[in-house]
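The values are calculated or read from the model by the stated rules, or taken from the named source; none is laboratory data. Owing to the predicted nature of the structure, the values given are computational and were not obtained by experimental measurement. For neighbour counting, all protein chains shown are included, and Cβ atoms are generated from backbone atoms with ideal geometry for every residue, glycine included.
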Amino acid sequence: MKLKLRVWRQKNSTDRGRLAEYNVDNISEHMSFLEMLDVVNESLAGQGIEPIAFDSDCREGICGMCSLVINGIPHGPERGTATCQLHMRKFKDGETITIEPWRAKAFPPVKDLTVDRSAFDRIIQAGGFVSVNTGSAPDANATLIGKNIAETVMDAAACIGCGACVAACKNASAMLFVAAKVSHLALLPQGEVEKKARVENMVARMDAEKFGNCTNQSECQAVCPKEISVEFIARMNREYFKASLSPKSEIKGED
Amino acid sequence: MALDSKIPQGPLEKKWQSRKFELKLVNPANKRKYKVIVVGSGLAGASASATLSELGYNVSCFCFQDSPRRAHSIAAQGGINAAKNYQNDGDSVQRLFYDTIKGGDFRAREANVYRLAEISTAIIDQCVAQGVPFAREYGGTLANRSFGGAQVSRTFYARGQTGQQLLLGAYQALERQISLGKVKMHSRHEMLELVVVDGHAKGIVTRNLVTGKIESHAADAVVLATGGYSNAFYLSTNAVGCNVTAIWRAHRKGAFFANPCYTQIHPTCIPVSGDYQSKLTLMSESLRNDGRIWVPKQKGDKRAPGDIPEAERDYYLERKYPSYGNLAPRDIASRSAKEVCDEGRGVGEHGRGVYLDFADAIKRLGENTIRERYGNLIDMYERITGENPYKVPMRIYPALHYTMGGLWVDYHLMSNLPGLFVLGEANFSDHGANRLGASALMQGLADGYFILPYTIGDYFATHKKPKVSTDHAEFKKTEAEATAKIQKLLSVKGKRTPASFHRELGHLLWEYCGMARTEAGLKTALAKIPVLREEFWKNVNVMGEGEDFNQSLERAGRVADFMEFAELMCLDALERKESCGGHFRSEYQTAEGEAKRDDANFCYAAAWEFKGVGAKPELHKEPLTFESIHLAERNYK
């Protein structure tokens, strides 16, 4: 395959950045999208051009490190697929492909196609856990959890934290990411005790990180590589509403 | 130097209990006076960081990814073993211990493996308490599946994403400690050197991958949980960033490297499709529960799989190993696949593949059940290959997956360098010459949640060493070494990219130190590696600058270390004149083509001491003694 790539190049967080064009040849349709970029980088190095910086690690769609807005769509045209699992057979010979980084105020640029997503870690720090120290757990089968609940929980817990939901949203909202964690833990008896404080604190952190609000357009669900449903956003809103009606002492878990 | 494994006296089942009582404690008020550096944030690193912090220690955790949640443990698919015996099918700590040590072809320490089996049950409790969504039965109890190398169902799982869910559990525990201000997280930092002061590990030198800044970090102990070295082979199931650098740099500073030749080839990966390939994708071994592995009986049979009648198919694992069938251990399943392909009966374009067929399982259980069990794996296969496994059988082939070798550690998980602890895949301790499926997650979490938190306190209580700060001359010297290496890589300005060298090294290792090794092949590799390494340092082209986000430089540094490490791996494979587990020397096999151990001469762990690049390392042997079990030829028939 022959392709024309328009790739976002940005030296660092203070550089303005621009789209650079590269004509590439000899691309196999069996390559993954990132392997195509590897090949391009090898050839750029040969021409004395610094390779394009982009994040990736597991390359099997689970670590959430890869990103890229491909022709305007986070993770590209194939549904339920992270960029690293997208293959060139989904593109046409001769096609022009535009490749950009995630763009959101809460994800500052690092270099080229790489951004800083540490805001997601800080949201988890605000409450995305069960406060249980190592060693204090009861027998695993002491807590019964219905199969259907477990399945729904797993649907939410499947989130890979890639940030495509933010990149797709015109408001750069992180609602789907936050809702997935809130729902995962709120649905389980283990997460029950802290659920009110959790949702309040995580939402507050999300706002403080300058993620926008949700206006129910479901772009996030459409690009999510794990196809996490916006129903979880509704669930989070419900949890948030319930928490807002509770006395503060109950939220903090105090007597 | 005699290696002291510190295995406790007494009966096997009492060893860990009695050692826990013997270990000296650090009182709660004093724990906050100690600082621990943890490198790596996978299952072992994250669980250790969180747990040490809960106990009161000050922890600094480092990872090269942009978030600790990305560590490659996340990609483990199938499950985690535990001797819960919830299925009432005859499981016990003793049986999990025996299966694991037998699976490892009797090349692991008895006491370590027993402890692992003993701790396994607490891991499941801990993970469930964190909210890890393991699969459930309708009544709400935990579900189990069976896995290779076992005849009981003891594997706990969360769809095909068990590693992800366990890691997120540990990551969330870690993030909780970060929010409490007790763990300082350093993402996008790579460890370049270990700092040793008066024989004790006292810190590390890192590179900030965004700014390129070289920094020193001092502590009272250093924990390496940096994973395995499969990427020495270029193509493996590891994430592209996985590397040997941290443990190799520690090895260069005096830590012994044990059993580097014990590498595991996983039988169920998607076959290689071309030269551009950056990694190989694993299809969880759990698929072998319901998938049947076969090739055509006829050589060069190019018919579509559906057109080959039952009578002309060879379900070779079921034929050769009737009692374990498709669930034979990984090394055996891998070699069998290679054999049938070598005979010319392989399938797919290049003839390097075998079928993994779900047709019978779909007939028996329905497509929905199969989708429920393996849906995400099957979807992943379809995305990569463009073929639908509900309709046509998958094609699979073995690939490098896991490395049992690693830094030598004693029963306390401490290396021969006091104050340097090594956890998870980075150490050599529990899997012998072959790891059973669903045991890596178990080991990583056992080390981090339940072993290190006990043993590290004993080190602090018994070694009252003065505090060392980063102003110490040794830090300055080590920083200068790290900076010099980077400058050297940038100054070569040759013609070849780091990736091209990596690919060449990988081909060489796969060819000569892969699934079947021979004396002649290994000698060839040992002659070729130094030549390639020399060319690397003369002809590598690293673009960009040191004080910048520079992925080409990161890659180059890792490849440089693989180049040195590869020689040690081949040497270890050459010196181990026997076959055991994942180490298969063609000269040493039984009449049936199985691995033939030599217990009289090789029942030891080979711990290598670094003597300089290109210089022959010194071998130290830790004899393996078996008090409670009888060494048998592995038999899965």
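Remarks
- Scanning segment B:27-57 for residues that are surrounded by fewer than 20 Cβ atoms within 10 Å (Cβ to Cβ) and either touching a Gly at 6+ places or on another chain (Cβ under 7 Å) or part of a strand (DSSP E or B) (or both) turns up B:P28, B:K31, B:R32, B:K35.
- Checklist (1) over 27 Å from B:C261 (Cα atoms); (2) surrounded by 15 or more Cβ atoms within 10 Å (Cβ to Cβ); (3) under 31 Å from the mean Cα position of the chain (by Cα) applied to B:H463, failing item: (2)
- Among residues of segment A:1-27, those that are more than 27 Å from the chain's Cα centre (by Cα), hydroxyl-bearing (S, T, Y) and either at pLDDT below 95 or in a helix (DSSP H, G or I) (or both), counted: 0
- Here B:A615 meets each of (1) under 30 Å from A:G46 (Cα atoms); (2) out of contact with any Asp or Glu (no Cβ under 7 Å at 6 or more places or on another chain); (3) part of a loop (DSSP other than H, G, I, E, B) with one exception, condition (1).
- When A:W102 is tested against the conditions (1) part of a strand (DSSP E or B); (2) over 17 Å from A:D25 (Cα atoms), the lone failure is (1).
- Pairs where the first residue, in segment B:506-533, is in the same structural domain as B:E578 (by TED's automatic domain parsing) and polar (S, T, N, Q) and the second is part of a helix (DSSP H, G or I) and surrounded by 15 or more Cβ atoms within 10 Å (Cβ to Cβ), C-beta under 9 Å, 6+ apart: B:T518/B:Y512; B:T524/B:L508; B:T524/B:Y512
- Being buried (at least 22 other Cβ atoms within 10 Å of the Cβ), of a type in the set (F, W, Y) and either under 21 Å from the mean Cα position of the chain (by Cα) or at pLDDT 95 or above (or both) is not true of B:Y86.
- Among residues of segment A:39-52 being over 17 Å from A:R89 (Cβ atoms) and facing chain B (nearest Cβ under 7 Å), the one that is surrounded by the fewest Cβ atoms within 10 Å (Cβ to Cβ) is A:E42.
- For segment A:225-235, the criterion of being assigned to a loop (DSSP other than H, G, I, E, B) and either assigned by TED's automatic domain parsing to the domain that holds A:L68 or within 27 Å of A:V132 (Cα to Cα) (or both) is met by at least one residue.
- The sole residue among B:G169, B:G140, B:G148 that is within 14 Å of chain A (Cβ to nearest Cβ), of a type in the set (G, A, S) and not in a helix (DSSP H, G or I) is B:G140.
- Taken together, the criteria place B:S120 among residues that are more than 9 Å from chain A (Cβ to nearest Cβ), over 22 Å from A:L187 (Cβ atoms) and modelled with pLDDT of 95 or more.
- Hits in segment A:40-58 (condition: closer than 26 Å to A:R117 by Cα and out of contact with any strand residue (DSSP E or B) (no Cβ under 7 Å at 6 or more places or on another chain)): A:N41, A:E50, A:P51, A:S56, A:D57, A:C58
- Total residues in segment A:140-155, condition more than 7 Å from chain B (Cβ to nearest Cβ), of a type outside the set (D, E) and in contact (Cβ under 8 Å) with a residue 24 or more places away in the chain: 2
- Yes/no for B:A246 being over 30 Å from B:L505 (Cα atoms) and away from every other protein chain (no Cβ under 13 Å): no
- Residue list for segment B:526-555, filter: surrounded by 20 or more Cβ atoms within 10 Å (Cβ to Cβ), touching a helix residue (DSSP H, G or I) at 6+ places or on another chain (Cβ under 6 Å) and assigned to a helix (DSSP H, G or I): B:I529, B:R533, B:F536, B:R555
- Here B:E215 meets the list (1) buried (at least 24 other Cβ atoms within 10 Å of the Cβ); (2) in a strand (DSSP E or B); (3) of a type in the set (D, E) almost entirely, failing just condition (1).
- Segments classed as helices (runs of 4 or more DSSP H), wholly inside segment A:148-222, with at least 1 members that are farther than 28 Å from B:L166 by Cβ: A:164-168, A:195-208
- Verdict on B:A158 being in a loop (DSSP other than H, G, I, E, B), in contact with a strand residue (DSSP E or B) (Cβ under 8 Å, 6 or more places away or on another chain) and of a type outside the set (V, I, T): no
- When segment A:53-75 is filtered for residues that are buried (at least 24 other Cβ atoms within 10 Å of the Cβ), in a loop (DSSP other than H, G, I, E, B) and in contact with a Phe, Trp or Tyr (Cβ under 8 Å, 6 or more places away or on another chain), the ones remaining, listed by number, are A:C66, A:S67, A:L68.
- Scanning segment B:566-587 for residues that are part of a loop (DSSP other than H, G, I, E, B) and under 25 Å from the mean Cα position of the chain (by Cα) turns up B:R576, B:K577, B:E578, B:S579, B:G581, B:G582, B:F584, B:S586.
- Index of the failed condition, B:K523 passing every other in (1) charged (D, E, K, R); (2) in contact with a Ser or Thr (Cβ under 8 Å, 6 or more places away or on another chain); (3) surrounded by fewer than 24 Cβ atoms within 10 Å (Cβ to Cβ): (2)
- Matching residues in segment B:65-93 - criterion: being closer than 15 Å to B:S153 by Cα, touching a residue at least 60 places away in the same chain (Cβ under 8 Å) and either part of a helix (DSSP H, G or I) or of a type in the set (S, T, Y) (or both): B:V93
- The listed residues are B:V196, B:V223, and the only one of them that is part of a strand (DSSP E or B), touching a residue at least 24 places away in the same chain (Cβ under 8 Å), under 19 Å from B:L452 (Cα atoms) and of a type outside the set (K, R) turns out to be B:V223.
- One residue from B:K621, B:K596 being in the same structural domain as B:M563 (by TED's automatic domain parsing) and touching a strand residue (DSSP E or B) at 6+ places or on another chain (Cβ under 6 Å): B:K596
- Any hit, segment A:132-139, residues being touching a residue at least 40 places away in the same chain (Cβ under 8 Å), within 7 Å of chain B (Cβ to nearest Cβ) and within 22 Å of B:A170 (Cα to Cα): yes
- Close contacts from segment B:154-165, counting a first residue that is away from chain A (no Cβ under 11 Å) and a second that is surrounded by fewer than 24 Cβ atoms within 10 Å (Cβ to Cβ) and modelled with pLDDT under 95, with Cβ to Cβ under 7 Å and a gap of 6+ residues or different chains, come to B:T155/B:R145; B:T155/B:S146.
- Residue check for B:Y114: in contact with a Leu (Cβ under 8 Å, 6 or more places away or on another chain), more than 23 Å from B:Q172 (Cα to Cα), modelled with pLDDT of 95 or more and within 14 Å of another protein chain (Cβ to nearest Cβ): no
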